[in-house]
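Notes follow once the structure below has been shown.
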Ligand SMILES: C[S@@+](CC[C@H](N)C(=O)[O-])C[C@H]1O[C@@H](n2cnc3c(N)ncnc32)[C@H](O)[C@@H]1O
Ligand code: SF4
């Protein structure tokens with residue numbers, strides 16, 4: 001193995017270990033406090049502006065093996081009652097004075113009951129001005145649903161494909177419900193025609209994938225010309241979910257050549273926004289606002305998280321418990337916790353690394369600290385690993401640095417998985 005590769009492999013292996021420990025420490029919910037029922041403003045001042053309202057829809061037709069997002073198998077009765085409760089919560093949050101620039105509806109499968117989704121978006125638009133509404137769905141929606149109903153309501157649609165490879169679709173439990181790669185290609189092409197901005201999710205790091213097969217997926221996707229392509233590295237959870245998704249995963253050492261292959265395949269027609277997300281470089285400029293870029297966010301619906309400043313908010317992960325909270329006149333928030341400055345800064349570090357520049361002056365203006373004061377160990381480590389190079393007073397990420405940012409992002413997703421697992425336990429202890 002050439003020295004540079006060896007250095008990178010050692011650096012990413014030690015990063016995996018350090019990240020796992022950091023996540024367990026900073027994202028432990030052992031010190032989370034129960035949110036007192038009756039509070040509706042979540043301790044925020046009236047007319048507080050929050051960048052994003054995150055809405056969670058926890059229902060799916062099929063439960064994919066790699067996915068640890070909060071969801072249950074679709075049940076129409078429950079979903080109808082759920083959407084009712086959700087709209088009550090949204091009204092309550094807006095009545096309490098919160099205002100948002102954007103709405104991100106994630107899941108689960110947000111389009112599982114279109115009429116209800118339409119009613120929910122229309123309600124938000126009737127109560128407050130928002131600049132953009134984003135939704136997530138799967139490809140089969142464009143075959144079996146009526147996506148035209150969302151015209152003029154949804155600005156950005158994100159469609160999960162993961163891979164065109166039927167073996168991967170079968171292994172992860174998606175083939176049966178969503179069809180073959182060929183069928184899903186037709187469905188996605190329809191979706192791309194319908195919305196102003198369309199993103200498609202692909203994943204890599206599956207067992208059996210090679211740089212060549214990952215390139216084949218990317219090239220096929222590029223032919224469809226979506227506005228954005230997100231390429232997620234398959235992330236294994238930390239707790240119970242790890243075992244399930246680990247059966248699907250390739251070897252950790254295979255991720256670097258696959259990352260390089262993704263970059264190369266994208267280079268001509270798409271530009272990297274983050275090492276995990278790309279926007280087309282042809283046609284009109286794509287408005288790109290990545291959902292996890294560290295801006296303030298308030299979560300509604302069972303299984304939502306929010307963060308504003310140092311306050312971290314968790315909505316009940318028990319769907320029946322959530323509906324009960326709302327019907328008793330509360331918001332769905334069940335717990336909250338204060339995040340340390342250190343964990344917030346670590347998130348900023350990931351975002352800065354992902355954006356490609358650690359801007360010294362900007363960082364100092366935001367935090368009052370120099371980069372070296374905030375991250376003495378991290379910067380030493382990143383420079384030794386060849387992840388950063390000095391650029392005037394700032395640092396630029398190298399290709400190895402982009403890969404380390406991708407690993408940090410994967411660690412962040414694993415952290416979210418760890419949070420979800422703890423939140424589910426909290427919900428079970430609260431309602432039993
Ligand atoms: C929560 S899903 C919602 C999309 C939609 N339900 C679907 O499956 O097509 C959003 C995206 O998260 C990504 N994802 C889910 N589990 C993941 C994991 N373990 N590692 C990396 N990405 C994951 C997938 O790319 C998926 O499209
Ligand atoms: S990947 Fe999408 S469809 Fe599959 S379980 Fe997760 S949210 Fe549901």
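The values are calculated or read from the model by the stated rules, or taken from the named source; none is laboratory data. A quick note: this is a predicted structure, and the numbers were derived from the prediction, not measured. A quick note on method: Cβ atoms are made from the backbone with ideal geometry, for glycine too, and the neighbour counts reach across all protein chains shown.
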Meets criteria (without any contact (Cβ under 8 Å) to a residue 60 or more places away in the chain and assigned to a helix (DSSP H, G or I)) for residue 402: no
Test: residue in segment 351-358 that is within 16 Å of ligand 2 (Cβ to nearest atom) and within 30 Å of residue 71 (Cα to Cα): no
Filter result (at pLDDT 90 or above and part of a helix (DSSP H, G or I)) within segment 319-349: 319, 320, 321, 322, 323, 324, 325, 326, 327
Residues of segment 75-91 satisfying the condition of being touching a strand residue (DSSP E or B) at 6+ places or on another chain (Cβ under 9 Å) and surrounded by 17 or more Cβ atoms within 10 Å (Cβ to Cβ): 79, 82, 83, 86, 89, 90
Test set (1) modelled with pLDDT of 95 or more; (2) surrounded by fewer than 21 Cβ atoms within 10 Å (Cβ to Cβ) - residue 234 fails condition number: (2)
Residue that is farthest from residue 110 (Cα to Cα) [pool: residues in segment 297-318 that are in contact with a helix residue (DSSP H, G or I) (Cβ under 6 Å, 6 or more places away or on another chain) and in a strand (DSSP E or B)]: 314
All positions within segment 169-183 that are away from ligand 1 (no atom under 12 Å from the Cβ) and either surrounded by 18 or more Cβ atoms within 10 Å (Cβ to Cβ) or not in a loop (DSSP other than H, G, I, E, B) (or both): 170, 171, 175, 176, 179, 181, 182, 183
